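Comments concern the structure below.
The values are calculated or read from the model by the stated rules, or taken from the named source; none is laboratory data. The shown structure was predicted, so the numbers you read here are calculated from the model rather than taken from an experiment. As a convention, Cβ positions derive from the backbone with ideal geometry for all residues, glycine included, and neighbour counts pool all protein chains shown.
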Amino acid sequence: MLRDTFDGAAERYDRARPRYPRPLVEELARTAALGPHSRVLEIAPGTGQLTVPLAEFGCRLTAVELGPSLAAVARRNLSAFPRAEVRVADFERWELPDEPFDLAVIATAYHWLDPRTRVARVASALRPGGTFAVVTTHHVAGGTQEFFDRSQRCYERWDPTTPPGFRSPTEDESVTDTGEFERSEHFEGVRVWRGAREITYTTDEYLDVLLTYSNHLALDEPSREGLLSCLRELLETRHGGRVTKRYLHEVITATRTGT
């Protein structure tokens, strides 16, 4: 499965993947009233890009990560937080503890969960009145847009899954449909926070980021190397070895129903 590809790139994932912006973390903490009293479940934490700032609020935190290498790096990053633990397990098969959580959060990984069962599964981990939070990250139009437009020639040559003529979506086109949560009998009070930011990378930094994406990791080696070489040449010859990428983040929250 594509989601299994991340574990083989755990150190690069930790080095290259950007951390979440502080306003996003603060919005999540405010909505869930995070503090030392809070019991938090994080699903698919990776190497702790969101886990560490959540642990800084002093909460009791359990992170459930499928990949053992990713989990090992996450434990290293959380070594200063004795109230945070990382379990190696598939959340969809993990035996839930008897004590329910106050917050369940999943960041940039919700799409890997089974859409037929994921809402109910998360609900079963939460106490009534608890918060479910889904954090999304989208690459949107902006930044060094000329590079992203030109880069499609590289993708169309080396990645057969690339749609012809693909262009970066706008922020409005990238907004997540919240109907799944609004229709669920398990949740109410759906809210959405959105914020955009731009990050500038050197050529090496940008290619490092690409090598943490499942679709790039899944390419056969000749195709992957061909794609990266094409992108490197484009960046070095046309864009001065730097590229700015625009990200749209969302925090979708909902309250567990029941009493």
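Scanning the range 48-94 for residues that are under 25 Å from VAL119 (Cβ atoms), among the small types (Gly, Ala, Ser) and either surrounded by fewer than 19 Cβ atoms within 10 Å (Cβ to Cβ) or in contact (Cβ under 8 Å) with a residue 40 or more places away in the chain (or both) gives GLY67, ALA89. With respect to the conditions (1) over 25 Å from GLY35 (Cα atoms); (2) buried (at least 18 other Cβ atoms within 10 Å of the Cβ); (3) of a type in the set (S, T, N, Q), THR117 falls short on a single one, namely (2). Selection within the range 183-209: residues that are hydrophobic (A, V, I, L, M, F, W, C) and farther than 24 Å from ASP172 by Cα. The member of this set that is nearest to the chain's Cα centre (by Cα) is VAL209.
Yes/no matrix, rows are residues, columns are (1) closer than 19 Å to PRO100 by Cβ; (2) crowded, with 20+ Cβ neighbours inside 10 Å:
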position: ALA10; (1), (2): no, yes
position: VAL25; (1), (2): no, yes
position: LEU28; (1), (2): yes, yes
position: ALA32; (1), (2): yes, yes
position: PRO36; (1), (2): yes, no
position: ILE43; (1), (2): yes, yes
position: GLY46; (1), (2): no, yes
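The selection criterion, being among the charged types (D, E, K, R), at pLDDT 95 or above, in contact with a strand residue (DSSP E or B) (Cβ under 9 Å, 6 or more places away or on another chain) and farther than 27 Å from GLU188 by Cα, does not hold for ARG39. Among the residues here, LEU227 qualifies as modelled with pLDDT of 95 or more, hydrophobic (A, V, I, L, M, F, W, C) and touching an Asp or Glu at 6+ places or on another chain (Cβ under 8 Å).
For the condition at pLDDT 95 or above and crowded, with 17+ Cβ neighbours inside 10 Å, what is the one hit in THR203, THR212? None of the other options fit; the residue is THR203.
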